[in-house]
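Okay, structure first, notes after.
Read-outs: derived from the displayed coordinates by stated rules, not from any lab. Treat the numbers as computed from the prediction; the structure is a model and nothing was measured. Quick reminder, even Gly has a Cβ in these numbers, built from the backbone with ideal geometry, and neighbours come from all protein chains shown.
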Amino acid sequence: MIATLSGEVLSVAATSAVVETGGVGMRVLSTPTTLAELRHGHTTRLHTHLVVREDSLTLFGFGTEHERDTFEVLQSVQGVGPKLALAMLAVHNPDALASAVAAGDRKALEQVPGVGAKVAARLLLELGGKLSLPEADGASPHRVQGADARDQVEEALVGLGWNAKVAAQAVDGVVDGPVKVDDVPEVLRQALKTMGAQRG
């Protein structure tokens, strides 16, 4: 099992990043929160989870152990695979998920595209006592204010299975004007909540 990955960030996309370590560029799928912290040319250290399939090896990376551990626990629930677990962490951070489960808040879980009433009920049943609040993490890397990051949000939504037109409309529905890089995770969460409500 690959537990961590350290190296230079070669590129950052809407749903993944490429990190070079030992002369090899590793593509890592991740959450908007983690990806928003990465900067091209800077060194990073990610906590990782490797998903092994017969025809593929997929590496997922997270900025904190808590986020990675939550990702792994979510997959212990029947019917929840890596893609859905990542979508859940795109909409709710680990603390919000733990709070929703502790409160039995099925509606909060159903805000995630792909999580219907049955899956939400199963999550509440099987995750009880498994999600914990994080320990205090170290200081976050410096964030850089940049140009409009609206495209990054839209690309992330497309990567989660929505078409480009619907993704653009969802972003327009939650933000008016440019999207700052710092705001990408929150705008994506709000857009996903709106889209989940429309679907339900």
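I want to make sure I understand the PRE zone here: with the label point 7 angstrom from the Cα of E20 toward its beta carbon, which residues in the stretch 28-45 have backbone N atoms less than 14 Å away? Only 40-44 pass the distance filter.
Scaled against 2.2 N^0.38 Å for its residue count N, the alpha carbon radius of gyration of the chain is 1.00. The stretch between E65 and R122, if pulled fully straight at 0.36 nm per residue, gains 18.1 nm over its current Cα-Cα span. Of the peptides 87-97, 54-64, 110-120, the order by per-residue mean of other Cβ atoms within 10 Å, starting with the highest, comes out as 87-97, 110-120, 54-64.
Binning the alpha carbon pair distances of the stretch 70-127 at 10 angstrom intervals from zero yields the distribution 27, 69, 4, expressed in whole percent.
Mind checking the full-extension length gain between D95 and I2? Use 0.36 nm per residue of separation minus the Cα-Cα distance, one decimal, nm. Additional length available on full extension: 31.0 nm.
Counting every pair of alpha carbons in the stretch 4-62, the share spaced more than 15 Å apart comes to 41 percent.
Each label point was placed 7 Å from the Cα along the Cα-to-Cβ direction; for K83 and T194 their separation is 2.4 nm. For the listed residue pairs K83/K193; K130/K193; K83/K165; K107/K180, the alpha carbons are over 20 angstrom apart in K130/K193; K83/K165; K107/K180. Computed over neighbours whose Cβ is under 10 Å from that of V19, the net charge equals 0, Lys and Arg +1, Asp and Glu -1. Once the convex hull of all Cα atoms in the stretch 8-117 is built, its volume per residue stands at 107 Å³. When the helices of the chain are scored as -39500 (n - 2.57) per DSSP H run of n ≥ 4 and the total is divided over every residue, the value at 222 nm lands at -12500 deg cm²/dmol. Kirkwood radius, the stretch 155-194, all distinct C-alpha pairs, inverse of mean reciprocal distance: 10.1 Å. Taking every alpha-carbon pair under 8 Å whose residues sit at least 6 apart, the chain reaches a relative contact order of 19 percent.
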